[in-house]
Amino acid sequence: MAEVSIEICGVRFPSAAINAAGAKDVSAGDLEALGQSEAGAIVIKTTTKAFRSGNDLPRWHTDGMGSINSMGLPNLGIERYLELVPVLRRWNKPLIASVSGIEEGDNEEMIAAYDKAGVDMIEVNLSCPNLAGKGQLGYDLDASREMLASCRKITKRPMGAKLPPYFDGFQFERMAAVLKETGADFVVTINSVGNTLIIDPEKEEKMIAPNGGFGGLGGSYVKPISLANVHKFSQLLDLPIVGVGGVSSGVDAFEHLLAGASAVGVGTALVNEGPAVFTRLNAELRTVLEEHGYDGPAAARGKLKDKTGTPAGKETPATQAR
Ligand code: RRO
């Protein structure tokens, strides 16, 4: 029987499938439910210093292809999450903090506090697409470099960056250089694809209320984008990658592993199905790994093969039409 456990940054995960920060991980009840579930870790909602109730509702919409959100960083605030850390420890799975400070110095302060509280890994979220008046840090390379270098000084625990999707070769290369320079230990890619719009044609209106209807796209809509980001960063960096985007089946998780991910983050599918999604995903991942002759996620990592091409002009009847 193939296993689904993994080790990244010296931390053992009972499953390669974990929750993506932001998906059903805000309240103490959400976090307990993740502990109780077959999720490979408990990732705490991206945290700010103060409690935030987030954007106006409706701020989440899901359809057969995925989801759009403009949550606006609702979270309990660092003090409450620090209280929960020792309580959540009893689930014996990694605890991962995620931070996105509002003011200068907030991230450093929160990282110091989470470090002291004893979380296993820390994600610096450089890519929330839904904060009015704030761009995504991950699209500003100098600001990202400065932020990651400053955070690096605060903790020796495994620290990584949650990245926005990139679409251009130079962006991948430059961000990879920033991650190398600043000593990141892992990469989480992708955050939702920001500033997208879903329309309800019957009502002739936008699906979500905040930010003029614009929000971050997730789910199956974005899987090819997330696979490309995982694959590109795996070619450029020798770091573990948590692949996020479009994981709603064991086969989706397998594709992320082939592309170079060590673990996968589940967002839309977790919100739609609840934490029981991990039971299904683990069973499906075991099956697909076995079918392909791999004994676990690590064995499948990066095994993606290039497609053999035929020089143009020497087409076979089957390829001629394209
Ligand atoms: O809370 C949000 O609006 C949010 C965040 Br912090 C994030 O990183 N990604 C996202 O899609 N939504």
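The values are calculated or read from the model by the stated rules, or taken from the named source; none is laboratory data. In this text, all values refer to a predicted model and were calculated from it rather than measured experimentally. As a convention, Cβ positions derive from the backbone with ideal geometry for all residues, glycine included, and neighbour counts pool all protein chains shown.
Descriptive notes on the structure:
- Qualifying residue in region 264-273 (condition: over 16 Å from residue 186 (Cα atoms), modelled with pLDDT of 95 or more and in contact with a Pro (Cβ under 9 Å, 6 or more places away or on another chain)): no
- Qualifying residues in region 35-48 (those that are within 12 Å of the ligand (Cβ to nearest atom) and among the polar types (S, T, N, Q)) - the one nearest to residue 126 (Cα to Cα): 46
- Selected residue [touching a Ser or Thr at 6+ places or on another chain (Cβ under 7 Å) and touching a residue at least 24 places away in the same chain (Cβ under 8 Å)] from 187, 193, 230: 230
- If you check 16, 20 for being within 12 Å of the ligand (Cβ to nearest atom) and either under 15 Å from the mean Cα position of the chain (by Cα) or modelled with pLDDT under 95 (or both), only one passes: 20.
- Single unsatisfied condition, residue 239 versus (1) in contact with a strand residue (DSSP E or B) (Cβ under 6 Å, 6 or more places away or on another chain); (2) surrounded by 24 or more Cβ atoms within 10 Å (Cβ to Cβ): (2)
- Residue within region 199-207 that is within 16 Å of the ligand (Cβ to nearest atom), on the phi > 0 side of the Ramachandran plot and over 20 Å from the mean Cα position of the chain (by Cα) present: no
- Residues (buried (at least 20 other Cβ atoms within 10 Å of the Cβ) and not aliphatic (A, V, I, L, M)) located in region 156-181: 158, 160, 162, 164, 165, 166, 172
- Looking across region 142-198, just one residue is closer than 14 Å to residue 238 by Cα, of a type outside the set (A, V, I, L, M) and within 16 Å of the ligand (Cβ to nearest atom), and that is 160.
- Evaluation of residue 132 against the conditions (1) within 16 Å of the ligand (Cβ to nearest atom); (2) surrounded by fewer than 18 Cβ atoms within 10 Å (Cβ to Cβ); (3) of a type in the set (A, V, I, L, M, F, W, C); (4) under 18 Å from residue 225 (Cα atoms) shows that the sole unmet condition is (4).
- Every residue from region 110-129 that is away from the ligand (no atom under 14 Å from the Cβ), within 21 Å of the chain's Cα centre (by Cα), more than 18 Å from residue 146 (Cβ to Cβ) and outside any helix (DSSP H, G or I): 119, 120, 121
- Matching residues in region 49-80 - criterion: being near the ligand (Cβ under 9 Å from one of its atoms), over 18 Å from the mean Cα position of the chain (by Cα), assigned to a loop (DSSP other than H, G, I, E, B) and not small (Gly, Ala, Ser): 55, 59
- Unique residue being surrounded by 14 or more Cβ atoms within 10 Å (Cβ to Cβ), of a type in the set (Asp, Glu) and either out of contact with any strand residue (DSSP E or B) (no Cβ under 8 Å at 6 or more places or on another chain) or touching a residue at least 12 places away in the same chain (Cβ under 8 Å) (or both) when the list is 115, 142: 115
- In the condition set (1) in a helix (DSSP H, G or I); (2) within 16 Å of the chain's Cα centre (by Cα); (3) within 15 Å of the ligand (Cβ to nearest atom), residue 230 is compliant with all but (3).
- Where residue 145 falls short, out of the listed (1) in contact with a helix residue (DSSP H, G or I) (Cβ under 8 Å, 6 or more places away or on another chain); (2) within 23 Å of residue 81 (Cα to Cα); (3) among the charged types (D, E, K, R): (2)
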